[in-house]
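What follows is calculated from the coordinates using simple rules that are stated; it is not laboratory data. Note that this is a predicted model, so its numbers are computed, not measured. No Cβ is skipped: glycine too gets one built from the backbone with ideal geometry, and neighbour counts run over all protein chains shown.
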Amino acid sequence: MADKESTVFIIDLGASMKATNGGRKESDLDWSMSYVWDKISNVVASNRKTLCVGVVGLRTDETSHTLAEDGYDHISILQPLGPMSMSGLKTLQPKIQPSKTTEGDAISAIVIAVDMIDTFTKKNKWKRQICLVTDVLGVDFDAPDYGYKEEDKPAVKKQNEETLKKLVDGCGEDARFASIVEAIDDMNEPRAKSVKPYKTYDGSLTLGDPKNAPAVVEVRVERYFKTHLARPVTASTVVVKEEQAGPSQAADDEQMEGVELTAVKQSRTYKVNDPDAPGGKRDVEFESLAKGYEYGRTAVHISESDHNVTKLQTQKSFKIIGFIPKEKYEPLLNLGESCVTIAAKYDEKSELAFSSLVWALSELDSYAVARLVTKDEKDPIMVLLMPYLEPNYACLYDVPLPFAEDVRSYQFPPLDRVVTISGQTITKHRLLPSDELSQAMSDYVDAMDISNYGIDQDGEPAEYATIDEIYNPAIHRINHAIKQRAVHPERPVPEIPPVLLRFAAPPTELVETVQATIDSLIKAADVKKVPPKAKGKRQREAVKPISGLDVDALLGGEKKGSISPENAIPDFKRALNSSEEVEQIADATKQMGAIVQSLITDSFGDNKYAQAMESIGVMREELINLEEPGQYNEFVRDLKKKLLSGTLGGDRRDFWFKMRWAKLGLIIQSQSEASTVTLEEADEFYKSR
């Protein structure tokens, strides 16, 4: 494909284009122009000088073109062929208005368009295109393959349609004849942006050490990008140029028309603490700063000398360091964008050697691992080379690989067996899935398989949601909105095209099929609903085990509701869960409070402060859930008095400061509706007196 493209749009502006047909609410001209504006806005957005656009008006009231011959009346050049900008788009829009005449010949307009292209492109290599839009030829054309046919078509339109089809058929394989309805629906289909390939590496691909080994393979190669990550359009910050900005610059469309904008320049200033400087800080130059790297929340300083030691002194190279069988490679190791490597052009020796290497890898079902340095002093990367062969074509695709330090290995217990402490292996255990459960899970996973859920043109099963049919909504939706606002700034952004939402939700039939297997899986796994946790005065019933057994009685534990200092937090939670009366909650709170005070009193320094703080936090959380904030507030008020009075083993004000820092004071109304403490009272409580 040529890198330079020239397109001339021929727009029928005849009086008949004001008509509304096909049950539409907009005129034929406005409806057809939605396709033209989309194509032109794509050119504007690309901002490429090698994409040129021209517009010719057909059946216009006046005549304005470069051919001084008869038979070309009522044809006007509205936009000369050349690069298209946003200002050019705004200038063109008012010219697209229906005329008062029905005179004008479409074939003559095509001749003028051809002359425009020949004059502009001369004999250079360009891709040349002409797009004709007219209600006589184009609007509501028959499209059998698309499922559209106009009934009661006028004889003149039918004859002209056949004539144009013959003309298009004679223009070559790339010429296309279509109804405008097909063209408009097609413009919502996203198009992958193709960019001009450029070299990322040009040099030798070596196997072996050329300096120390006599038998070494060295091939001249070229490496290009194969895929690039696409990203949404980013926003830019602009301001009105200083010479145009006035003291009362308005922001509406009329006032901003023709106003030039300029990019915002950013500047940074660096300051350091200096008690002698005004304000306690002084400015420093960027050159006087030292490099540092963030390690957690700490800035680690690295001097220039140390930095030079850690930096590798690399040289441009592309070396194969090993091979790996294809079946041994895990695709999850792919790290980024892919590239393609081919033999150097016009080098027969390199082409033969490179082809032999690719052929050998393909025959052995193997991949090569290589170390690549694209330029001197650049960081090295590890890439995986994958062979690809076609008739008269051989290449190596590559993807980046992680280094050993980038791979994290995690060990998990096996799912099919239990290994005891003594080393005995058990395959039947309550924690292991049964055969019935394993089969139910397998059926559930198989039911979600969409690899053959689609249907091809012959009605046969085919892949569902192929890569070519899946688009990134974030990218294409933003582009769609930008183009709409550029052409019609007064209109709202249209709805999301259905093609972007095609795979946003699974098919209904698939959901129904999967739901049946989910029910079987729930039954096989014996999934049961967990009883809700008892909260507040409205839910005082003790939570009973599903088995119906009295766990406390079976364990032969201590008295129900008792809390031991050795297991204070679990005992406290269990006591609250089994409480049926408010008095039982108060008793558990009193026991827990006594344990907290004992921890503080017996603490040597602050060695037991962490345990006490954790216990207080649990008390606060559990009593909020039970809607009993008053009991916690009573406890914490008493605790503060004892801490500040020294009755808990001496001066314990440092523990009170920790409570203030952790916000373990009074429970206020915004935290629990049952609380009567206001925010002001809570703030006053934190003040030590």
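Work out, step by step, the length gained on full extension between Glu566 and Arg485: first 0.36 nm times the residue separation, then minus their alpha carbon distance; give nm to one decimal.
So the chain would gain 22.3 nm between Glu566 and Arg485.
In degrees from 0 to 90, rounded to the nearest 10, what is the angle of the helix 508-525 Cα long axis to the longest principal axis of the chain?
Relative to the chain, helix 508-525 is tipped by roughly 20 degrees.
List the GluC sites (Glu not before Pro) in the range 168-241 that DSSP assigns to loop (not H, G, I, E or B) and whose Cβ has at most 11 other Cβ atoms within 10 Å. Which are they?
Those satisfying the criteria are Glu173.
Say R0 is 56 Å: what FRET efficiency, to the nearest 0.05, do Glu294 and Val114 get from their beta-carbon distance?
0.35
Compute the helix-to-body angle for 435-447: its Cα long axis versus the longest principal axis of the chain, expressed 0 to 90° and rounded to tens.
30
When you have a sec, figure out the Kirkwood radius of the range 551-685 from all distinct Cα pair distances and drop it here in Å to one decimal?
Result for the range 551-685 stands at 15.5 Å.
Please work out the Kirkwood hydrodynamic radius for the chain, using every pair of different C-alpha atoms, and report it in angstroms with one decimal place.
Hydrodynamic radius (Kirkwood, Cα pairs) of the chain is 35.6 Å.
For the range 581-612 and the range 179-244, compute the distance between their C-alpha centroids and round to whole Å.
Taking the Cα centre of the range 179-244 as reference, the centre of the range 581-612 is 66 Å away.
What FRET efficiency comes out for Asn47 versus Tyr388 if R0 is 45 angstrom and r is the Cβ-Cβ distance? Round to the nearest 0.05.
0.85
Quick check: pseudo-label points 7 Å beyond the Cα along Cα→Cβ at Ser520 and Ala404, how many nm apart are they?
4.7
Taking the Cβ of each residue in Met17, Met116, Met33 as the centre, tally the other Cβ atoms inside 10 Å and list the residues starting with the fewest.
Ranked by crowding around the Cβ, least crowded first: Met33, Met116, Met17.
Could you tell me the center-to-center distance, by alpha carbons, between the range 27-41 and the range 46-84 in angstrom?
17
Relative to the longest principal axis of the chain, what angle (0 to 90°, nearest 10) does the C-alpha long axis of helix 28-46 take?
So the helix axis and the longest Cα principal axis differ by about 70 degrees.
If contacts are Cα pairs under 8 angstrom and at least 6 residues apart, what is the relative contact order of the chain in percent?
7
Pop out the Kirkwood hydrodynamic radius of the range 5-186 from its pairwise C-alpha distances, inverse of mean 1/r, in Å to one decimal.
It is 16.9 Å.
Nearest 0.05, what FRET efficiency do Ala504 and Val582 give at R0 = 45 Å with Cβ-Cβ as r?
0.30
Tell me, in nm to one decimal, what length is gained between Leu432 and Glu348 on full extension, where the rule is 0.36 nm per residue of separation less the Cα-Cα distance?
Gain in length upon complete extension: 24.0 nm.
Within 10 Å of each residue's Cβ, count the other Cβ atoms and sort Met448, Met382 from fewest upward.
Met448, Met382
Can you list which of the chymotrypsin sites (Phe, Trp or Tyr not before Pro) found in the range 176-206 are DSSP loop residues with at most 10 other C-beta atoms within 10 Å?
Tyr198
Between Leu67 and Lys265, what is the spin-label point distance in nm, taking each point 7 Å from the Cα along the Cα→C-beta axis?
5.2
What is the range 5-186's relative contact order, in percent, from Cα pairs under 8 angstrom and six or more apart in sequence?
Value for the range 5-186: 27 percent.
So for the chain: antiparallel DSSP bridges make up what percent, rounded to the nearest 5?
Once the DSSP bridges in the chain are tallied, antiparallel ones form about 75 percent.
For a footprinting-style exposure proxy, rank Tyr346, Tyr632 by other Cβ within 10 Å, fewest first.
The fewest-first ordering by Cβ neighbours comes to Tyr346, Tyr632.
So what's the range 197-409 giving for Cα Rg divided by 2.2 N^0.38 Å, two decimals?
Cα-based Rg divided by the globular estimate yields 1.56.
Please go through the range 350-394 and write out the trypsin sites (Lys or Arg not before Pro) that DSSP classes as loop and that have at most 16 other C-beta atoms within 10 Å.
Lys375, Lys378
So, in nm, how far is label Lys39 from label Glu189 when the simple model puts each one 7 Å beyond its Cα toward the Cβ?
Placing both labels 7 Å beyond Cα along the Cβ direction yields 1.5 nm.
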